[in-house]
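This report refers to the structure that appears directly beneath it.
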Amino acid sequence: MDDKRFWVGFNLIKGIGAVRLQGLVTHFGELELAWNAAPAELVEAGLGAKVIERVITAREKINLDQVWEKIEAQGIKILTWGDEQYPARLKEIDQPPPVLYIRGEYVPDDLFAVAIVGTRNVTAYGRQITEELAAYLASNGLTIVSGLARGVDAIAHQTALKAGGRTIGVLGSGVDKIYPPEHRGLAEKMMERGAIMSDYAPGTPPDASNFPPRNRIISGLSLAVVVIEAGETSGALITAEFAAEQGREIFAVPGSILAPQSKGTNKLIQNGALPLLTPADLMQALDITRIGVHKAARKILPTDEVEARLLNVLTAEPKHVDEIRNQAELPIEKVSATLALMELKGMVRQVGGMNYVAVGEMQGDYNT
């Protein structure tokens, strides 16, 4: 495993995002080599003059050992693309964050998550719907993901905890800079039964420009996004946009056409989002009414030769069941039945049109 100090180092440099970092990994193999590379080598890896200048400046100013000591002292965990624990669903999105900073625990069962987002200026109606939905989903084994903001976000997190469930907050700041500050106590509780996470390095303040990009992580972690209430310019609508790009289901709670807080959600429904009328609607639409069975089944590794052969064929790129059958050289009935079981186990996902992908850590070579 590449030393994570160097992942953090590059994460601290403005202009080094997922695309450029992937270029460095591809070119150098290890980020330690990239960190210590000469400018000419960085040019060969695809970096421009301005970014190379920032890299050189960072190497002079940043003591990676000291940075790492601070991270460890604060109990912050680091996940990068190469880690098996890196959220499998998030890894599927376009340009997933190279580094995740986590306080608390992200666990395999958090694969079954729903994002609940909405306005900070929540109405009594919005509060009631948020509480009912979050309590229902959490009590049925789903992890609640949101942004720890005032209003809908905080209500969703608090309700999930009260229901005995798990919840994850994605921040627009470093995980050591809780914002808003009055939610520090809530964040502490979330770390005990869930996590707070960010792709911004520790010490990053909650700048307004940080919040829209973090919404791609909220939707990326989730099976679906539910927008409770949102004005016409609400950040929750940005989360819905990311969800659409990522192929996630989008639900919106209908409201009065006269209420400012419902203008955004009503517009979402007009544009094709599913109206959420009862919490059970969401469970049925996602076909996760038997969440306990899903969670138990996904812990099972390949149990026979057929599963192993299918995993050898499947990758992160969608393949049609006919192509899978041809490459695995198995009868279509056997392939279809086995894929259905593997989907229950969380080993594969159907991504529409009878196309399947392997899920996260299940990609690999399974000799038979």
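Kindly evaluate GLY126 against the criterion of being crowded, with 24+ Cβ neighbours inside 10 Å and within 19 Å of GLY220 (Cβ to Cβ).
Numbers: crowded, with 24+ Cβ neighbours inside 10 Å: yes; within 19 Å of GLY220 (Cβ to Cβ): no.
Judged against the criteria, GLY126 is not a match.
For the structure I just gave you, tell me whether ILE178 is among the aliphatic types (A, V, I, L, M), touching a helix residue (DSSP H, G or I) at 6+ places or on another chain (Cβ under 8 Å) and part of a loop (DSSP other than H, G, I, E, B).
On the way: among the aliphatic types (A, V, I, L, M): yes; touching a helix residue (DSSP H, G or I) at 6+ places or on another chain (Cβ under 8 Å): yes; part of a loop (DSSP other than H, G, I, E, B): yes.
Criteria met by ILE178.
Name the residues in segment 1-21 that are exposed (fewer than 15 other Cβ atoms within 10 Å of the Cβ) and either assigned to a helix (DSSP H, G or I) or hydrophobic (A, V, I, L, M, F, W, C) (or both), would you?
Initial filter on segment 1-21 (exposed (fewer than 15 other Cβ atoms within 10 Å of the Cβ)): 1, 3, 14-15, 19.
Across segment 1-21, the qualifying residues are MET1, VAL19.
If a residue must be more than 23 Å from the chain's Cα centre (by Cα) and not hydroxyl-bearing (Ser, Thr, Tyr), how many such residues does segment 122-149 contain? Please lay out each step first, then the result.
Of segment 122-149, the ones more than 23 Å from the chain's Cα centre (by Cα) are 122-129, 132.
Retained after the next criterion (residues that are not hydroxyl-bearing (Ser, Thr, Tyr)): 122, 124, 126-129, 132.
Count: 7.
Being surrounded by 18 or more Cβ atoms within 10 Å (Cβ to Cβ) and in contact (Cβ under 8 Å) with a residue 40 or more places away in the chain, is that true of even one residue in segment 40-50?
No, the conditions are met nowhere in segment 40-50.
Taking the conditions exactly as written (assigned to a helix (DSSP H, G or I), touching a Ser or Thr at 6+ places or on another chain (Cβ under 7 Å) and closer than 30 Å to LEU344 by Cβ), does ASP153 satisfy them or not?
On the way: assigned to a helix (DSSP H, G or I): yes; touching a Ser or Thr at 6+ places or on another chain (Cβ under 7 Å): yes; closer than 30 Å to LEU344 by Cβ: no.
The answer is no for ASP153.
Could you list, in sequence order, the residues of segment 267-288 that are surrounded by 11 or more Cβ atoms within 10 Å (Cβ to Cβ) and among the small types (Gly, Ala, Ser)?
Across segment 267-288, the qualifying residues are ALA273, ALA280, ALA285.
Being under 25 Å from ALA156 (Cα atoms) and among the basic types (Lys, Arg) is the filter here, so list the residues in segment 68-124 that pass it.
Answer for segment 68-124, where residues must be under 25 Å from ALA156 (Cα atoms) and among the basic types (Lys, Arg): LYS77, ARG89, LYS91, ARG103, ARG120.
Can you tell me which of MET197, MET191 is surrounded by fewer than 20 Cβ atoms within 10 Å (Cβ to Cβ), touching a residue at least 60 places away in the same chain (Cβ under 8 Å) and either under 23 Å from VAL114 (Cβ atoms) or not aliphatic (A, V, I, L, M) (or both)?
Details: MET197 fails: surrounded by fewer than 20 Cβ atoms within 10 Å (Cβ to Cβ).
Sole residue among the options that is surrounded by fewer than 20 Cβ atoms within 10 Å (Cβ to Cβ), touching a residue at least 60 places away in the same chain (Cβ under 8 Å) and either under 23 Å from VAL114 (Cβ atoms) or not aliphatic (A, V, I, L, M) (or both): MET191.
Per-residue answers, yes or no, for (1) more than 16 Å from GLY172 (Cα to Cα); (2) touching a strand residue (DSSP E or B) at 6+ places or on another chain (Cβ under 7 Å); (3) among the charged types (D, E, K, R):
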site	(1), (2), (3)
GLY194	yes, yes, no
MET197	no, yes, no
PRO202	no, yes, no
ARG216	no, no, yes
ALA224	yes, yes, no
ALA230	yes, no, no
ALA244	yes, yes, no
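No lab work stands behind these numbers, since they all come straight from the coordinates. Since we're looking at a predicted model, the values are computed, not measured. Positions of Cβ are generated from backbone atoms using ideal geometry, with glycine treated the same way; all protein chains shown enter the neighbour counts.
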